[in-house]
1. Could you give the distance between the Cα centres of the range 112-167 and the range 1-73, to the whole Å?
2. Going highest first, how would you order 109-119, 145-155 by mean Cβ packing within 10 Å?
3. Give the angle, between 0 and 90 degrees and rounded to the nearest 10, that separates the Cα long axis of helix 133-145 from the longest principal axis of the Cα atoms of the chain.
4. Mind computing the radius of gyration and Dmax over the alpha-carbon atoms of the chain? Å is fine for both.
5. Can you tell me how much longer the chain between residue 178 and residue 6 gets when fully stretched, taken as 0.36 nm per residue apart minus their C-alpha distance, in nm with one decimal?
6. Given 0.36 nm per residue, what is the gain on full extension from residue 19 to residue 113 after removing their alpha carbon distance, in nm?
7. Grab the Cα-Cα distance for residue 37 and residue 148, subtract it from 0.36 nm times how many residues apart they are, and report the gain in nm with one decimal.
8. For helix 162-176, report the angle its Cα long axis makes with the longest principal axis of the Cα atoms of the chain; keep it between 0 and 90° and round to the nearest 10°.
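Bear in mind that the values in this text are calculations on the coordinates, not laboratory data. Predicted model, so just to flag it, every value in this text is computed and none were measured. Don't worry about glycine lacking a Cβ; one is built from the backbone with ideal geometry, like all the others, and counts go over all protein chains shown.
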């Protein structure tokens with residue numbers, strides 16, 4: 001199950017339900033903390049599935065402020081890179097929505113620097129950060145729609161669970177209007 005939006009900047013935005021660690025894309029995004037310690041939520045799942053070497057490589061770059069991003073290898077994940085874009089300074093902080101916007105922009109900039117064509121995001125700051133999936137998805141969609149054309153052709157928003165998927169679609173629809181049913185990459 002997936003919904004797609006074809007944007008004026010040449011990007012197709014796809015919202016899909018599933019496990020981001022299984023996404024066959026050039027890069028997946030970790031909604032990190034500035035210390036790049038990969039404890040819970042999506043970061044923990046990335047480390048468990050992809051291997052501890054991802055965290056070991058990431059922490060060498062710490063601290064990374066909110067609004068910046070760094071890339072590491074992806075270990076055993078099907079992606080080529082993990083882009084670590086902090087949404088919070090310390091692990092398990094509650095954050096404002098603006099942090100998710102800054103992190104999304106930073107991840108897209110880093111993806112362009114790497115020359116990737118496809119990138120998958122979780123709902124930035126919606127887990128440990130405590131932000132609502134719908135609001136985060138709306139603002140992330142606005143960032144993607146306003147991104148300058150470059151190497152990125154496909155942006156995936158991956159929702160973990162049916163309820164999160166529904167909220168993610170609602171948020172993107174608030175920003176971009178109705179999407180259309182389409183084929184996803186996870187096949188779940």
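1. First find each Cα centre; the distance between them is then 10 Å.
2. Working: 109-119: 18.8, 145-155: 16.8.
Packing order, densest peptide first, comes out as 109-119, 145-155.
3. The answer is roughly 80 degrees.
4. 14.6, 42
5. Values: separation 172, 0.36 × 172 = 61.92 nm, distance 1.08 nm.
Working it through step by step, the gained length comes to 60.8 nm.
6. Details: separation 94, 0.36 × 94 = 33.84 nm, distance 2.54 nm.
This chain segment gains 31.3 nm when fully extended.
7. Working: separation 111, 0.36 × 111 = 39.96 nm, distance 3.07 nm.
Here the segment from residue 37 to residue 148 would lengthen by 36.9 nm.
8. 70 degrees
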